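Remarks on the structure that follows.
Read-outs throughout are calculated quantities, based only on the coordinates presented, and are distinct from any laboratory measurement. No experiment lies behind these values; they were computed from the predicted model shown. Methodologically, a virtual Cβ is constructed for each residue, glycine included, from the backbone with ideal geometry; neighbour enumeration extends over all protein chains shown.
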Amino acid sequence: MNKIFETPLYAYRRSPDQDASRPVRHPVVIVGAGPVGLAAAIDLAQDGVPVVVLDDNDKVSFGSRAVCYAKRPLEILDRLGCGAPMVDKGVSWKAGKVFFDERQIFGFDLLPEEGHKRPAFINLQQYYFEEYMVRRVHEMAAAGAPVEIRGRNRVVALGAHDDHVRIEIDTPEGPYELEADWLIACDGANSGLRRMLGLDFVGRIFEDNFLIADVIMEADFPTERWFWFDPPFNRGQSALLHRQPDNVWRIDLQLGWDIDKEEEKKPERVIPRIKAMLGEDVKFELEWVSIYTFQCRRMENFVHGRVLFAGDSAHQVSPFGARGANSGLQDTDNLCWKLKLVIDGHAPESLIASYNWERVFGADENILNSTRSTDFITPKSEISRVFRDAVLDLAAGHEFARPLVNSGRLSVPCVYDEGPLNGPDAPGLPHRSRPGAPASDAPLADGWLMDRLGNRFQVLAIDADAPDRLEEGGIEVEILHLSAEDNPALADRYLGKQHSAVYLMRPDQHVAARFLSWDEAALRAALARATGRA
């Protein structure tokens, strides 16, 4: 069994702040050292924004927890400098199979298009993910970046003011207070900060329970996502099987609503279920067991003055579809560049409202897809079950029915259509690269497009006559000149049938605006809109 989650990676150390005569003010304090909080810390610190992370623990999470990480979050992690160890350790996959009873009814490929640096998905235990991110923070701090993690620092009280937040923190050596210009709440689904502000979720809790079991075994199953409806080993329910590194396999088994959760987590209940699935002769060891209930909920607003919510503290979705950690990483990806501009005085504080608009939009999209998955996986009436089973029967022999089969619509990046920061669009360019969309990766003559984009505003000039630099409102815009002839995949994904294009790219690698040719006045106007100044 892996012991990494028993090792303190950010052990408690007394801070000079604890001996100060009055609360020390920090530009940004993040509460929660899970993947989302650490991503926010890395993002801000690598842009020079001082940040302190507070966590009531001192080590990574116990158990696999989040497992599947999609291509877009891996690109975000590349931008943060910790994508490579994730992919190197993780199990890459893009194919899956869907079964009904004992029959395979169809398979799917999540990334049939060639020419992408990162795979459609990797599977990796969350404790590895957190370890790599903590080590990235320590590496940055050792190099002089303004970031630190304070373990065993538990926030016990919060006072929100117009221009700052004051927090009281409990430690092994007693309490102390801090102030923050901005506080980012990444303290999970049971967020204490949310409760301190008297806030709650709105949404649905579904009447069903699922057993998660991570088992260690040697098996020759292919590296694919396998999902069963009504399998012989779990009649009337569903099941899911995923490979992870270190010969760990994730098994999800639907249990139903009226169960005793504590009883169902006991090995004498879990082991027979797994043997029924894998076979009596298969040797395995339980690493981690948990039970979860489908929940599709979110806060009404993610922004409350100087307190900003991200990840599970802001929204919850069912695990089918891998939307939890993946959407949390997209939260911080959206937030941090905006916060940096506001702190530096290059954008009005009202820019933060666009974080709320765009990520509430993203949460609602995830909740919609997750709710549809849940309704299909767990029919609520006999009629809906008959319909579901008829769709599955049809899908076995008829391709038209397969899009109706919903075993968990897997995470795809959010496109901020009609978002408040979107600028003009040009006719005839590919729909996939429209304003609000994340950039599509493409192989270049000298590397990958996604490795060239991010962390600042940029102009992508493809066969367009453009200058070498642009500055507006104190923001330096980098201009990348690229040739369609030298980069055919880039041309396909960004030009279509047009002969040239100019894209304004946001620091989070999303398209802000696009034009057919260089138009400096229009670009300046688009930049002003993308920074909340217009």
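Dipole orientation for the chain: of the candidates 378, 175, 351, 378 has the Cα lying most toward the positive pole (charges on Cβ; Lys, Arg +1; Asp, Glu -1).
Of all DSSP beta bridges confined to region 431-530, the antiparallel ones make up roughly 75%.
Count the net charge of all other residues whose Cβ sits under 11 Å from the Cβ of residue 490, scoring Lys and Arg as +1 and Asp and Glu as -1. Net charge around residue 490: -3.
A Cβ-based charge dipole, computed about the Cα centre of the chain with Lys and Arg at +1 and Asp and Glu at -1, lands at about 500 debye. By the equivalent-ellipsoid construction on the alpha carbon gyration tensor, region 431-530 comes out with semi-axes of 20, 14, 13 Å, ordered largest to smallest.
Distance between the 7 Å Cα→Cβ label points at residue 400 and residue 247: 4.9 nm. Modelled this way, with points 7 Å down the Cα-to-C-beta line, the labels at residue 286 and residue 189 are 2.0 nm from one another.
When 518, 337 are sorted by how many other C-beta atoms sit within 10 angstrom of their C-beta, beginning with the fewest, the order is 518, 337.
Measuring nothing but how far apart in sequence close Cα pairs (under 8 Å, 6+ apart) lie, relative to its length, the chain scores a relative contact order of 14 percent.
Here region 431-530 is assigned +1 on the Cβ of each Lys and Arg and -1 on the Cβ of each Asp and Glu. Its dipole about the Cα centre then comes out at about 520 debye.
Legend: ranking of residues 133, 86, 217, 299 from fewest to most surrounding C-beta atoms inside 10 Å; resulting order 217, 86, 299, 133.
Between residue 492 and residue 156, how high is the FRET efficiency from 1/(1 + (r/R0)^6) when r is the Cβ-Cβ distance and R₀ = 60 Å? Nearest 0.05. The formula returns an efficiency of 0.65 here.
Sorted fewest first by neighbouring Cβ atoms within 10 angstrom, 243, 323, 456, 225 come out as 456, 243, 225, 323. Here's the picture: charge each Lys and Arg Cβ at +1 and each Asp and Glu Cβ at -1 in the chain, and of 34, 69, 313 the one pushed furthest to the positive end of that dipole is 313.
For the chain, the membrane-span-like helices by this rule, meaning whole DSSP H stretches whose C-alpha atoms cover at least 27 Å of axis and whose Kyte-Doolittle mean is -1.0 or above, are 324-343, 352-377; this says nothing about an actual membrane. A cut-off under 14 angstrom between Cβ atoms defines the neighbours of residue 96, and their net charge, with Lys, Arg +1 and Asp, Glu -1, is +4. The helix-based estimate of mean residue ellipticity at 222 nm for the chain, built from -39,500 (n - 2.57) per DSSP H run of four or more residues and divided by its residue count, is -8500 deg cm²/dmol to the nearest 500. Mean sequence separation of contacting Cα pairs (under 8 Å, at least six apart), scaled by the length of region 431-530, corresponds to a relative contact order of 33 percent. Only aspartates and glutamates eight or more places from residue 94 in sequence, or on another chain, were considered; those with a Cα closer than 17 Å are 75, 109, 113, 114, 224, 441.
Listed by chain and number, the aspartates and glutamates whose C-alpha is less than 20 Å from the C-alpha of residue 266, apart from same-chain residues fewer than 8 away, are 208, 214, 252, 258, 280, 285, 287. Among residues other than residue 115 whose Cβ falls under 10 Å from its Cβ, what is the net charge (Lys/Arg +1, Asp/Glu -1)? Here the count lands on -2.
Site pair residue 200 and residue 293 shows an inter-label distance of 1.4 nm when each label is modelled 7 Å from Cα along Cα→Cβ.
Straight-line cross-link partners of residue 338 among the lysines, defined as a Cα under 30 Å from its Cα and at least 8 positions apart when in the same chain: 59, 71, 117.
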